[in-house]
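Working notes for the structure below.
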Amino acid sequence: MGRRAPYVNDRTYLVYAERDPNGELHDGICTSSRPVEFAGDDLQYLRRYFAGKTKGTIRGRVAASRDTSSLDFALEHGYAKTVDGARIVVRKGVQRWELKSDADGSYEITGLQAGEYSVSARHDDYEAGWAGDSIQVSSRGCSIQNIGLRAKNSVEGRVVDSEGLPVEKIEVRLLSADPKMANVRYSEWADHSGRFIFRWITPGTYRLAVNPDGISPRSPYPPSFYNNAADPELAEKLTIGPQTELSWLNLVLGKKQLTRRIAVQIYWPDRSPVANATIRCAPLGEEDSGQSELGATDQNGEAACEVLADRAYRVRLARLGYNGDPEPREATVAAGEAVARTTLIPSQRDFERRTASPKPSR
């Protein structure tokens, strides 16, 4: 069920809990527990249920979704694009019911007998969608079934360098420009000719970019947005509808930055090599920026990080095998183009902890 759901004092929640084999109730971030101000439909149904006014019901919402496995999560957190006017078909054996989703993508059918049902949806602007496995409805119960539809749209183009030559094997990002859909982002890789294509995009407004979060050794180009902008606020926004097809969008990258290797040797105080240790190389002064690189030592105690040549790095011993966090050990490597070499030696305490013999059992 995942870790515990977060709750805030002085707020009222509708809690969905599951009973474990010991009979205890638990909830978590993967349940539908949420503040009551976001649970109006559920509360309305629960009041009807306990008043004895409910019948067998299937309800849910229809939304654009590239990956149906994350649809429920997107709807719960408010960044799914719902689809109105979708044609819903509910089946039970030879019986069939049809209805349409409303303005916020919702649908509901009630008065159903207990049994097994299937639900599907269609819309002219989208590929057909199914709810997946059949669902069970009890005589007075409610089954919630959301349905994802894939948009019939695409965005394609090419990544080139400042001389117009294709750049291969580089990640291209399509990022929502709508603050309400900030978590909607897609990623594709350019092929050997620099070409990329995005499909099944949730309709909305987007920015197209390479390295929007900054340059890295794995992608040593400065941030670049469509229409030759380096700043996301100056980038041209792309409006993408359910059937939009955009092509020949070139992303022109700036000058490729030089990279180099930092070779790290780790050995114990007795000069024996430390295998299976993890090192972290981060730009000096930016250790918490998320731009760090990881490396792991081999049987000879050797590891390496690929880094940008124009900046200094802090090399830190992050982990010693599976024995937990080691005592701090780090080194600073100046900027430069040549391969840099440095050595880290774990503390005597970590060495003794590793070599200590287990006490005999009694």
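The values are calculated or read from the model by the stated rules, or taken from the named source; none is laboratory data. Source: prediction; values computed, not measured. Here the Cβ positions follow ideal geometry from the backbone for every residue, glycine too, while neighbour counts run over all protein chains shown.
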Picking from Val307, Val274, Val315, which residue would you name as being within 30 Å of Gly164 (Cα to Cα) and either in contact with a strand residue (DSSP E or B) (Cβ under 9 Å, 6 or more places away or on another chain) or assigned by TED's automatic domain parsing to the domain that holds Gly194 (or both)? Val307
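Conditions (1) outside the structural domain of Ser120 (by TED's automatic domain parsing); (2) on the phi < 0 side of the Ramachandran plot; (3) outside any loop (DSSP other than H, G, I, E, B), marked per residue:
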residue: Asn9; (1), (2), (3): yes, yes, no
residue: Pro21; (1), (2), (3): yes, yes, no
residue: Ser32; (1), (2), (3): yes, yes, no
residue: Leu46; (1), (2), (3): no, yes, yes
residue: Tyr49; (1), (2), (3): no, yes, yes
residue: Asp84; (1), (2), (3): no, yes, no
residue: Trp97; (1), (2), (3): no, yes, yes
Which numbered condition Asp72 fails, given (1) acidic (Asp, Glu); (2) surrounded by 13 or more Cβ atoms within 10 Å (Cβ to Cβ); (3) touching a strand residue (DSSP E or B) at 6+ places or on another chain (Cβ under 8 Å): (3)
Restricting to region 280-315, count the residues that are at pLDDT 95 or above, buried (at least 20 other Cβ atoms within 10 Å of the Cβ) and closer than 16 Å to Pro346 by Cβ. 4
Name the residues in region 201-236 that are out of contact with any helix residue (DSSP H, G or I) (no Cβ under 8 Å at 6 or more places or on another chain), among the charged types (D, E, K, R) and surrounded by 16 or more Cβ atoms within 10 Å (Cβ to Cβ), would you? none
Among the numbered criteria (1) in contact with a Leu (Cβ under 7 Å, 6 or more places away or on another chain); (2) of a type in the set (A, V, I, L, M, F, W, C); (3) outside any strand (DSSP E or B), which one does Leu71 miss? (1)
Do you know which residues across region 299-318 are over 10 Å from Glu330 (Cα atoms) and either in contact with a helix residue (DSSP H, G or I) (Cβ under 9 Å, 6 or more places away or on another chain) or assigned to a strand (DSSP E or B) (or both)? Glu302, Ala303, Ala304, Cys305, Glu306, Val307, Leu308, Tyr313
What is the number of the single condition among (1) within 30 Å of Tyr49 (Cβ to Cβ); (2) without any contact (Cβ under 8 Å) to a residue 12 or more places away in the chain that Glu163 does not meet? (1)
Examine region 283-298 for a residue that is in contact (Cβ under 8 Å) with a residue 60 or more places away in the chain and β-branched (Val, Ile, Thr), and state whether such a residue exists. no
Looking only at region 252-281, which residues are part of a strand (DSSP E or B) and of a type in the set (D, E, K, R)? Arg260, Arg261, Arg280
Which members of region 74-90 meet the condition of being farther than 14 Å from Asn146 by Cα and at pLDDT 95 or above? Gly85
Name the residue, out of Asn250, Asn211, Asn228, that is within 23 Å of Val167 (Cα to Cα) and touching a Phe, Trp or Tyr at 6+ places or on another chain (Cβ under 7 Å). Asn211
On the given criteria, is Gln243 of a type in the set (S, T, N, Q), in a loop (DSSP other than H, G, I, E, B) and surrounded by 17 or more Cβ atoms within 10 Å (Cβ to Cβ)? no
Reported set for region 123-163 where residues are acidic (Asp, Glu) and within 23 Å of the chain's Cα centre (by Cα) is Glu156
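Matching residues to (1) of a type outside the set (Ser, Thr, Tyr); (2) under 23 Å from Asn227 (Cβ atoms); (3) touching a strand residue (DSSP E or B) at 6+ places or on another chain (Cβ under 8 Å):
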position	(1), (2), (3)
His123	yes, no, yes
Ile144	yes, no, yes
Glu156	yes, yes, yes
Val160	yes, yes, yes
Glu163	yes, yes, no
Out of region 212-240, which residues are assigned to a loop (DSSP other than H, G, I, E, B) and over 18 Å from Thr259 (Cβ atoms)? Pro212, Tyr226, Asn227, Asn228, Ala230, Asp231, Ala235, Glu236, Lys237
Residue check for Asp125: among the acidic types (Asp, Glu), surrounded by 15 or more Cβ atoms within 10 Å (Cβ to Cβ) and farther than 30 Å from Leu253 by Cβ: yes
